[in-house]
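**Student:** Take this structure, written in structure tokens, and hold onto it; I'll ask about it next.
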Amino acid sequence: MTADIAARADRVGVQRTLALFLTAAVLFGGTFVAAKAGLAYLPPLLFVAIRFDIGAVVLASYAAVSMSRSDLRPRTVGDVVGIAATGLLVIGFTNVFLFVGQQYTTSGVAAIVFSLNPILTPVFAAVLLTDERFSVRAGVGMALGLAGVVLVANPSGGGVSASGIAILSAGAVASAFGAVAIRWADTTLSSTARTVWGVPLAAVLSHLLSLGAGESVASVSVTPTAVAALVYVGVFSGAVAYLAYFALIDTAGATRANLVFYLIPIVSTLGGWLLLGEALSAGTLVGFAVVLSGFLLIGSRSIAATVRNSGRGGQQSSDEPTSSVR
């Protein structure tokens, strides 16, 4: 009887993990499509700012219902640093670079460039964290990842420019660096609490950058497509996807959660093709395959270890740096 209960509990855990994985991948993948569609009607920085205005309201409502004040209260300097790294780097600048850079690329290509995130994260971890070492294996994996992005950045037309690739790459760097900075800060807050604080902080940052760039509300075209894009990136990928992703990290560990980054380009590519009429060149697909090989080279051992431990709940190891997207 006890064995049957344990087996059912394991099945429920696997199903929950799979549901969180698919939710995060699909919703984050749709971000690139919705951003590309909305950029025809909204200036990029204001688009990001309004997105986080909406997300902040949704997350504040979620926190009011399901979290206590003690869960949300920063207690240490590390907590404050963790909130700043989450809001300014992992969420704020990451999305600023994403929305600005995607003016010059397709949805699928943007998602492929952002799949550099789990390759860059261990690089920054080796530099900033005393318990991380940068091995030859990691160096080769990073070189493969960068080579893949170079292939993606050299398309034959298709609405993709090298400047767009460079801006998007800066977003991947901001996300990876911020994720390691969170771990370096040794925050006591949960990832959900940091997100509840971080999204409003990202909104303030985006509004300031929008004002500095001279963007105006008068340049916004209110159309059904613009409204749909804002609702999607504000509610679904601006709040729900983050909650699902961070819950996935808590459930399955950062290494397996980071596999989301390799389903996102597939979702984005299919969405861009179906909804926006975008296409990918063969060179771009080869570039993605090279990026994927770089990640597998870096993360294959950790993935194997977490798979072996899946029967014990798959909890995140303390030595796994987390990362975030979109």
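The values are calculated or read from the model by the stated rules, or taken from the named source; none is laboratory data. Treat the numbers as computed from the prediction; the structure is a model and nothing was measured. Cβ coordinates were reconstructed from backbone atoms using ideal geometry, including for glycine residues, and neighbour counts include every protein chain displayed. Protein only, heavy atoms only, side chains kept; ligands, DNA and RNA dropped before computing areas. Shrake-Rupley method; radii C 1.70, N 1.55, O 1.52, S 1.80 Å.
**Student:** Tell me, yes or no, whether segment 51-73 has at least one residue that is assigned to a helix (DSSP H, G or I), over 24 Å from residue 187 (Cβ atoms) and open to solvent by less than 30 Å² (accessible area, probe 1.4 Å).
**Tutor:** Within segment 51-73, one or more residues are assigned to a helix (DSSP H, G or I), over 24 Å from residue 187 (Cβ atoms) and open to solvent by less than 30 Å² (accessible area, probe 1.4 Å).
**Student:** Can you work out which of the residues in segment 173-190 that are within 25 Å of residue 265 (Cβ to Cβ) and in contact (Cβ under 8 Å) with a residue 60 or more places away in the chain is most open to solvent (accessible area, probe 1.4 Å)?
**Tutor:** Looking at residues that are within 25 Å of residue 265 (Cβ to Cβ) and in contact (Cβ under 8 Å) with a residue 60 or more places away in the chain, I get 177.
To keep it simple, each residue is scored yes or no on (1) under 10 Å from residue 230 (Cα atoms); (2) modelled with pLDDT under 90.
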{"site": "3", "(1), (2)": "no, yes"}
{"site": "6", "(1), (2)": "no, yes"}
{"site": "26", "(1), (2)": "no, no"}
{"site": "32", "(1), (2)": "no, no"}
{"site": "36", "(1), (2)": "no, no"}
{"site": "47", "(1), (2)": "yes, no"}
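**Student:** With 160, 204, 150 as the choices, which residue is of a type outside the set (D, E, K, R), open to solvent by 10 Å² or more (accessible area, probe 1.4 Å), in a helix (DSSP H, G or I) and at pLDDT below 80?
**Tutor:** Unique residue meeting the criteria: 150.
**Student:** I'd like to check something: does segment 124-138 contain any residue that is open to solvent by 20 Å² or more (accessible area, probe 1.4 Å), modelled with pLDDT under 90, in contact with a helix residue (DSSP H, G or I) (Cβ under 9 Å, 6 or more places away or on another chain) and of a type in the set (Lys, Arg)?
**Tutor:** yes
**Student:** If a residue must be farther than 21 Å from residue 171 by Cα, assigned to a helix (DSSP H, G or I) and open to solvent by less than 10 Å² (accessible area, probe 1.4 Å), how many such residues does segment 250-277 contain?
**Tutor:** Count: 1.
**Student:** With the structure loaded, tell me whether residue 235 is buried (at least 21 other Cβ atoms within 10 Å of the Cβ) and in a helix (DSSP H, G or I) or whether it fails that test.
**Tutor:** Considered against the rule, which asks whether it is buried (at least 21 other Cβ atoms within 10 Å of the Cβ) and in a helix (DSSP H, G or I), residue 235 comes out as no.
**Student:** Quick check on this structure: which one of 99, 47 is under 15 Å from the mean Cα position of the chain (by Cα) and in a helix (DSSP H, G or I)?
**Tutor:** 99
**Student:** Separate question: Hey, can you tell me all the residues within segment 89-108 that are open to solvent by 60 Å² or more (accessible area, probe 1.4 Å) and either touching a Cys at 6+ places or on another chain (Cβ under 8 Å) or modelled with pLDDT under 95 (or both)?
**Tutor:** 103, 104
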